[in-house]
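Peer 1: Below you will find the structure I want to go over with you.
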Amino acid sequence: MTGPDLATLMQAWHDFYLLIGTAAATLVGLMFVSASVGGGYMTEERRPGIRAFFSPTIFHFAAVLVACLVLLAPKQSWEALGAILLGCGLAGLLYAGRVWRQMLRQGYLRDIDAEDRLWYARAPVVSYLLVAFAATLVLLQLPVGIDLLAATLVLLLLVGIRNAWDITLWLVMRTGKK
């Protein structure tokens, strides 16, 4: 099966992926700033919480960045693009599953409110499932896969932004206490 010319299709999306990829890279940097602001609170005893909340947020931003880099790469085929994106989606699902397991083990899913369960646990799983589904559509050379991927990367970026803000507020409130 041969779909429309991928290079032409991707040219229409170039600026979009450049913009959200740049945003994701910038937000990764800001997470490092946030970590330094709350550095005094980040101790070995708090490592499980950091790994359950802070690290996944950086992972989500990095996933958006990597997907955008892949999508902006020149001279690619439908098959190669779909396979790489499918690998990214599956890696994200595996990571999200690991985070769920860690959150269950530490009791975080029981202790956090429903809004945080949605944004820290459920939304990433849905996002990576959608990445994998979009990649499958790309493998089938269906242009709608590129559209779905764009929407999914925006969702994943918004998940990261919301969680980064939540973490930052949480750190500021904790480090301000004497």
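Yes/no per residue for (1) of a type in the set (Val, Ile, Thr); (2) modelled with pLDDT under 95; (3) out of contact with any Phe, Trp or Tyr (no Cβ under 8 Å at 6 or more places or on another chain); (4) more than 22 Å from Leu65 (Cβ to Cβ):
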| site | (1), (2), (3), (4) |
| --- | --- |
| Tyr120 | no, yes, no, no |
| Val144 | yes, no, yes, yes |
| Ala150 | no, no, no, no |
| Val172 | yes, yes, yes, yes |
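Peer 1: Among residues belonging to the range 50-79 that are modelled with pLDDT of 90 or more and of a type in the set (S, T, N, Q), point out the one that is surrounded by the fewest Cβ atoms within 10 Å (Cβ to Cβ).
Peer 2: Among those residues, the one meeting the criterion is Ser77.
Peer 1: Now for a separate question. Mind listing just one residue for me: the one in the range 58-79 that is of a type in the set (Gly, Ala, Ser) and either touching a Pro at 6+ places or on another chain (Cβ under 6 Å) or assigned to a helix (DSSP H, G or I) (or both) and, of those, nearest to Leu140 (Cα to Cα)?
Peer 2: Only one residue fits best here, namely Ala67.
Peer 1: Of the residues Ala52, Ala63, which single one is in contact with a Ser or Thr (Cβ under 9 Å, 6 or more places away or on another chain) and closer than 17 Å to Ala164 by Cβ?
Peer 2: So the residue among Ala52, Ala63 that is in contact with a Ser or Thr (Cβ under 9 Å, 6 or more places away or on another chain) and closer than 17 Å to Ala164 by Cβ is Ala63.
Peer 1: On the given criteria, is Leu86 in contact with a Leu (Cβ under 8 Å, 6 or more places away or on another chain) and either without any contact (Cβ under 8 Å) to a residue 60 or more places away in the chain or buried (at least 21 other Cβ atoms within 10 Å of the Cβ) (or both)?
Peer 2: Against the criterion (in contact with a Leu (Cβ under 8 Å, 6 or more places away or on another chain) and either without any contact (Cβ under 8 Å) to a residue 60 or more places away in the chain or buried (at least 21 other Cβ atoms within 10 Å of the Cβ) (or both)), Leu86 qualifies.
Peer 1: If we scan the range 143-164, do we find a residue that is surrounded by fewer than 20 Cβ atoms within 10 Å (Cβ to Cβ), of a type in the set (Ser, Thr, Tyr) and within 15 Å of the chain's Cα centre (by Cα)?
Peer 2: No, the range 143-164 has no match at all.
Peer 1: Restricting the search to the range 120-136, which residues are aromatic (Phe, Trp, Tyr) and crowded, with 20+ Cβ neighbours inside 10 Å?
Peer 2: Selection gives Tyr120, Tyr128.
Peer 1: How many of the residues making up the range 98-117 are surrounded by fewer than 14 Cβ atoms within 10 Å (Cβ to Cβ) and farther than 25 Å from Gly87 by Cβ?
Peer 2: 8
Peer 1: Name the pairs: first residue in the range 116-143 and more than 18 Å from Gly97 (Cβ to Cβ), second residue among the β-branched types (Val, Ile, Thr), Cβ to Cβ under 7 Å, at least 6 apart or on different chains?
Peer 2: Ala134/Thr152; Leu137/Val144; Val138/Ile146; Gln141/Thr2
The values are calculated or read from the model by the stated rules, or taken from the named source; none is laboratory data. Treat the numbers as computed from the prediction; the structure is a model and nothing was measured. For neighbour counting, all protein chains shown are included, and Cβ atoms are generated from backbone atoms with ideal geometry for every residue, glycine included.
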